[in-house]
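Written below as structure tokens is the structure these notes are about.
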Amino acid sequence: MQRTYSLRYMASPIFMKRYFTIFCLLLVTEIGIAYFHIHDFVRGFLGDVLVIPLCYTLVRSFTKISIKRTVIYVILFAFTVEFAQFFKILAFFHIENRFVQIILGSTFDPADLLAYLVGIIPILLIEKYRSYGKD
């Protein structure tokens, strides 16, 4: 007997250019922060704050997952990556690819967890007060 799944719980594919445009702007900003080393606070904290909206807008660009679920998934992902740094997962699996090391990071910092939580605030405020027109 073949099992059928309800589409109600599945994220249906879509492209929302508004979110993708914001994602691209945030990506350029993050690259600029990393490349130019503007200030320790900007590189060390603000860059981590912006990671959450960056990931959020990427996910929202291609799915119809609800705002609340997307925020939860993104924060869980960020915390998982941070705790993977704590347990030195890259070293454990002998991953020496420099690009992967830059993207996933290699140093655990509890302040990063706070930065991720702060990164949720603008998402929730913007989503609460934005107009709900179509793209």
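Values in this text are rule-based calculations from the coordinates and carry no lab data. Note that the structure is predicted; figures quoted are calculated from it, not measured. We place every Cβ from the backbone using ideal geometry, glycine too, and count neighbours over all the protein chains shown.
Extension gain, residue 121 to residue 79: 0.36 nm times the residue separation minus the Cα-Cα distance gives 13.5 nm. Checking the a/c ratio against 1.5 first, then a/b against b/c, what shape does the Cα gyration tensor give for the range 49-100? Prolate shape, in that a/c is at least 1.5 and a/b is the bigger ratio. The count of lysine pairs in the chain with alpha-carbon distances below 15 Å, taking only pairs 8 or more places apart or on different chains, stands at 4. Axis angle, to the nearest 10 degrees, between helix 47-62 and the longest C-alpha principal axis of the chain: 30 degrees.
Taking every C-alpha pair closer than 8 Å and separated by at least 6 residues, the mean separation divided by the residue count of the chain gives a relative contact order of 31 percent.
Would you mind working out the magnitude of the charge dipole of the chain relative to its Cα centre, with +1 at each Lys and Arg C-beta and -1 at each Asp and Glu C-beta, to the nearest 20 Debye?
Working: 14 positive and 9 negative charges, 179 e Å.
So the magnitude is around 860 debye.
For residue 63, nonlocal amide neighbours, meaning residues 5 or more places apart or on other chains whose placed amide H falls under 5 Å from its own, are 14.
Extending 7 Å from the Cα toward the beta-carbon at both residue 111 and residue 38 defines two label points whose distance is 1.7 nm.
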